[in-house]
1. Checking residue 184 against (1) at pLDDT 85 or above; (2) surrounded by 12 or more Cβ atoms within 10 Å (Cβ to Cβ), which test does it fail?
2. Look through 450, 423 and report the one residue that is closer than 26 Å to residue 487 by Cβ and surrounded by fewer than 14 Cβ atoms within 10 Å (Cβ to Cβ).
3. Quick check, is residue 110 assigned by TED's automatic domain parsing to the domain that holds residue 156, touching a residue at least 60 places away in the same chain (Cβ under 8 Å) and either of a type in the set (Asp, Glu) or surrounded by fewer than 16 Cβ atoms within 10 Å (Cβ to Cβ) (or both)?
4. Return the only residue of 165, 153 being assigned by TED's automatic domain parsing to the domain that holds residue 81, over 21 Å from residue 93 (Cβ atoms) and not charged (D, E, K, R).
5. Filter the stretch 60-111 for residues that are among the aromatic types (Phe, Trp, Tyr) and not in a strand (DSSP E or B) and give the result.
6. Can you name the helices (runs of 4 or more DSSP H) wholly within the stretch 354-442 that have at least 1 residues being among the hydroxyl-bearing types (Ser, Thr, Tyr)?
7. Are any residues in the stretch 252-284 among the small types (Gly, Ala, Ser) and closer than 19 Å to residue 350 by Cβ, and if so, which ones?
8. Could you tell me whether residue 315 is closer than 17 Å to residue 239 by Cα, aliphatic (A, V, I, L, M), modelled with pLDDT of 85 or more and not in a loop (DSSP other than H, G, I, E, B)?
Amino acid sequence: MNGEEMIRAQNLVDQVALNDPYKAIIELTCLYEVTKALSSTLDIKKALREILEILSKRASMERGTITIFNPKTQELQIEVAKGLTNQARRRGRYRLGEGITGTVAATGEPIVVPRIGNDPRFLNKTRSRSGDEKEELSFICVPIRSEKEIIGALSVDRRYTGEKALEDDLRLLTIISGLIAQSVKKLQEANLERESLMEENRQLKMALQERFSFGKLIGKSTRMQEVFEMAHRVSKSNATILLRGESGTGKSLIARAIHFNSPRAKGPFVTVNCSALPESLVESELFGHERGAFTGALQTKKGRFELAHKGTIFLDEIGELPHAVQVKLLNVIQDREFQRVGGQKTIRCDVRIIAATNKDLERALEEGQFREDLYYRLNVFPIYIPPLRERKTDIILLAEHFLERFSSQNGRDIKRISQKALDLLVQYKWPGNVRELENCIERAVLICDDDTIRAHHLPPSIKALTGAGEQGSDRWSFKKRVAEFEKELILEALKETKGNQSKAAKLLGTTLRIINYKIQKYDIDPEEFKPMRKLA
């Protein structure tokens, strides 16, 4: 309470004390308890609810509300209420100038209604007063002011006992509204911040849904189209999915696409890398633990399954899961319930399970490393993702996609990949699959100082392995290297001019006759570069 508010409160008590000493004591006690409520907790809503409770007990006021103005919606919304159901509270929304509450917030002047049944401004939006009750109820509404800004309103109902009692109540509520103004201002700011975060979260989820829509996944090969088709079909169900394939093939990308195209898209997507967790912590990470369950468990912790409630949990590298945890995971898959480490309470979870592995689970079954019953629980809907070397038609598409992404991220103006570099990318076996290709293109973008990524920008490992079949002397032949460079230049020019040989000759600063000769010499087909090429 600041100095001005203390003077106002003291004047109120002094004025009341002259006429009714007993009432002055009640009001002084009320102000003391309001101040104590505001200073005794950091929970603003709890303090405001307690203030309404104090007004009910000490000042014989029945229903009470604290309404906060939302600058974004330009509406007042009941934030805290006494004597109203949650449904009635949600109905309490007012535009500026609408009804008594809206008028008080718009004008900054308090309003006292002796009998609400006789005042047409009283809208009863909360529908909490009956027709007979309206004749006996008075309504007092005062603005909540922070400096010169009206941020809300404090309003109460009480039984009508005469005009003098209403005047005393108005003075008391005016003082209390000043006391709670700072708290209401903080709550208003917290509400705006929460709305901003919710909107940001909504936009992020929309962006994720757009990014991981099946139409955005890259892969035109027949085998990848089959993968996308299967993933799309199963995404609408709650079936457990097992993604299989080598490391780096994009299993996590497929898992996210399934989640964000499923009815659970609004729920959480929780990823667990089973191979990255120490064996001693796997159970705690998956299912959580109670405080004191083991040394270092200083507080209760929710596990990943609990965090994934109403969403999807992605168990990556499921083949590395310790045998002891496999038993508990089997029970979770069967019953969708578990207990935290050190706990006795059974926790139910509504979660969809997507597992992934690059391990040969059938061999692991034979060797006793993986439980057979867990295998069949996980293998409800298996999807095999082929390695990059088995879908070479996707290599160029992926390479160009990564080129565009990394060029944008690094502020580079790199427009294309040379034909020779593309040939090397297609010939390479890609043991690291898509992840290796991604790293390769990122490296090339960083070291490229031209608008085109060429063969010498690629990692030495790719150039060495793709040229491993050449004889040593032939590999380093000057004539051969010149011919390769010459062919690459012609291919780039034809690509740039969409197969137009005359324009290609002009671009290279030579004649059409020489270009035609070189095209025949290097067995180049200009028709391949024409956009409307007719297929036989």
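1. Exception for residue 184: condition (1).
2. 450
3. no
4. 165
5. None - no residue of the stretch 60-111 is among the aromatic types (Phe, Trp, Tyr) and not in a strand (DSSP E or B), so the list stays empty.
6. In the stretch 354-442, the matching helices (runs of 4 or more DSSP H) lie at 372-378, 393-409.
7. Scanning the stretch 252-284 gives 255, 262, 265, 267.
8. Yes: the conditions hold for residue 315.
The values are calculated or read from the model by the stated rules, or taken from the named source; none is laboratory data. What you are looking at is a predicted structure, and each value in this text was computed from that prediction instead of being measured. For neighbour counting, all protein chains shown are included, and Cβ atoms are generated from backbone atoms with ideal geometry for every residue, glycine included.
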